[in-house]
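The values are calculated or read from the model by the stated rules, or taken from the named source; none is laboratory data. Bear in mind that the values here come from a model prediction, so they are computed numbers and not experimental data. Every residue, glycine among them, receives a Cβ derived from its backbone with ideal geometry; neighbour counts consider all protein chains shown.
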Amino acid sequence: MANNDGLEAALEHIGEHGTWIWTMFFLVSMPGVFNIWHLTSYVFLGHTIPYWCAVPELQNANWTSEQIRNISSPNGISDESCSKYDWNYTDLARMTYEDALRYISTEQKPSAYACNSWSYDGNGIVSEWDLVCDRIALKSTVQMAVALGKFLGAFIFGCVADRWGRKRSFTISCIVYIISGPVAAFAPHYLVFFFARLALGMSGSGTYNCGFTLLTEFCTKKRRTLLGILYNMSYPLGMMLLPVIALYIENWRMLQLAISVPAFILILQICVLPESPRWLISQGRRDEALKIVKRITKKSKEVTVSVIAQETNNEKKEYVKQASPSTSKTNDDNEPWYKRTIAAVKKLLLIFANSELRKRLLICHFAWCVTAMTYYSLALNADNFTADRYVYVAIAGAVEAVSYLLPIPMLKYSGRRLTSVLLYAVSGAALLSILSIPQDMPNVIMGVAMLGRLCIGAVYSVIILQTSELFPTVNRNTAVGTSSTMSHLGSLSAPYIVDLLGAQAWYIPSTICGAAVLIAGLLVLMLPETKDKELCDTVEEIMEKSSKDKVSMKNCLPCL
């Protein structure tokens, strides 16, 4: 509204105040460190540890783990085992190890059977709840819980933020965060741990999204790009700090507690952060917005409260004349959630009804899904690469920081399509080349994998921009929203690819990701270029464009 110019000017003054904005930036971005801790801690909490079938008789006879495995395991001491020989272990326990070896060498090996209890060389959630053999999928489900929580949290806390305010949604997220972390550390049962991880994912998504919204609604346009990029820097910072913490805390419960207790600092955010004045204005609560502006500007000394009050009071009179109870409730935000859901589904069906938009959306869905799947698979794949997981996570954090900056110069000199295709191609080629590297060269494998991670991390920011430009205004939010949903499906599949398929052969996860990334790059190559093109507002505008501005195999020819 034109009558919001005075208050808008005050908000712009607040956004220009460096001390206030940077303080707010620090407060809202801080939860990102906790988010990545809980997301990546799976590498240390659920890492693979040697296991073998428990033989209580031999354990009570003080046999070493190597001796027990050599006698009982069909795989010997060289590999983990889910079965054991059907020896008479009571008789063997009466012998010395050397006598037992001589005895079994003269006997025919008995059949092996699946064991129902295990012994471990180390501690973690794997040993806590026997997440091995036919229960290994439950280990992957622990990580899936966080990804599922992020998906649910984005929807739930997004609705709360739109209906009841950004600050309230952020506060609820922080409270859930503070509670669920210690609950996970002291979880007496697997299901309790699962739901605590689910809550951590939900609250992590809530703090991230609500914090970013608060920041963007306070800062000025010229600061949004810089702060938007720096906002994600808390993630690589957290990734580099996590292995240092894990290096000194080996017990998994103490590690979970160590990365959970710092979340109590979020109480500071709850007390200090204000509600978004822009959201309050959108709800017609201008007096509350004015109070927040007064409180902030009183501290900054950059805008006199009297001027703001005078401008706002004049505007408020005009606002009251124009607004009425009947018109104020026509806002879509006041509609029930199920009506908004039905409207969103209708918009999605309209996209699929148009062949051009359908092709664009399906390519974007696949690209987003593959990008997320590869990103998280590489983050969790330390054990399959036989690398030092502490070094692996630290380097991955440093690489991620660079990946945020890499697209900036690339987008300056090339288009969206070419940039994303180059990043996909390099990432896919790097991951597939791992097949040619011997497994006894873990440092080389890790270096190549980090190159793949660098490019797949960089493509995230490009594909978001590209997707938003490919669709008309009437369908843009639906296209980006459903593509984001597909990315969550990719992240949900990552732990199963790493754990279940990685258990079959260490190179399978990276090979699957590499092949999928190359396919995504080929499909993106078919999309039209959107750089320096005007955004379309309607479907008709897209359909009126020439063939080179539509999805086609011909778009690939200039790049071949």
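Looking at 111, 127, 105, 169, which one is among the small types (Gly, Ala, Ser), out of contact with any Lys or Arg (no Cβ under 8 Å at 6 or more places or on another chain) and assigned by TED's automatic domain parsing to the domain that holds residue 216?
None of the others qualify; the one that does is 169.
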Open item on the list: Looking at region 173-183, can you tell me whether even one residue there is surrounded by 20 or more Cβ atoms within 10 Å (Cβ to Cβ), over 24 Å from residue 34 (Cα atoms) and at pLDDT 90 or above?
Closed with: no
Task: Checklist (1) under 17 Å from the mean Cα position of the chain (by Cα); (2) closer than 26 Å to residue 390 by Cα applied to residue 249, failing item - done: (1)
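Would you pick out the residues in region 484-519 that are of a type in the set (S, T, N, Q) and either over 18 Å from residue 460 (Cα atoms) or outside the structural domain of residue 380 (by TED's automatic domain parsing) (or both)?
Passing the criteria: 504, 510, 511.
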TODO: Output the qualifying pairs, or none if there are none: Cβ atoms under 6 angstrom, residues six or more apart or on different chains, first residue in region 410-424 and on the phi > 0 side of the Ramachandran plot and in contact (Cβ under 8 Å) with a residue 24 or more places away in the chain, second residue surrounded by fewer than 18 Cβ atoms within 10 Å (Cβ to Cβ) and of a type in the set (A, V, I, L, M, F, W, C).
DONE: none
- [ ] Identify, from the list 91, 86, the residue that is touching a strand residue (DSSP E or B) at 6+ places or on another chain (Cβ under 7 Å), at pLDDT 85 or above and surrounded by fewer than 18 Cβ atoms within 10 Å (Cβ to Cβ).
- [x] 86
Open item on the list: Based on this model, can you work out whether residue 445 counts as crowded, with 21+ Cβ neighbours inside 10 Å, over 20 Å from the mean Cα position of the chain (by Cα) and within 15 Å of residue 514 (Cα to Cα)?
Closed with: yes
Open item on the list: Just to be sure I understand, how many residues within region 421-471 are within 16 Å of residue 373 (Cα to Cα) and of a type in the set (Ser, Thr, Tyr)?
Closed with: 4
Open item on the list: Being at negative phi and assigned to a helix (DSSP H, G or I) is true for just one of 485, 530. Which residue is that?
Closed with: 485
TODO: Quick one: residue 499 ticks every box in (1) surrounded by 16 or more Cβ atoms within 10 Å (Cβ to Cβ); (2) within 26 Å of residue 352 (Cα to Cα); (3) modelled with pLDDT of 75 or more; (4) of a type in the set (D, E, K, R) except a single one, so which number is it?
DONE: (2)
- [ ] Counting only residues that are of a type in the set (Val, Ile, Thr) and at pLDDT below 85, give me the helices (runs of 4 or more DSSP H) lying completely in region 344-444 with at least 1 of them.
- [x] 407-413
TODO: Quick one: count up the residues across region 369-384 that are out of contact with any Leu (no Cβ under 9 Å at 6 or more places or on another chain) and among the aromatic types (Phe, Trp, Tyr).
DONE: 1
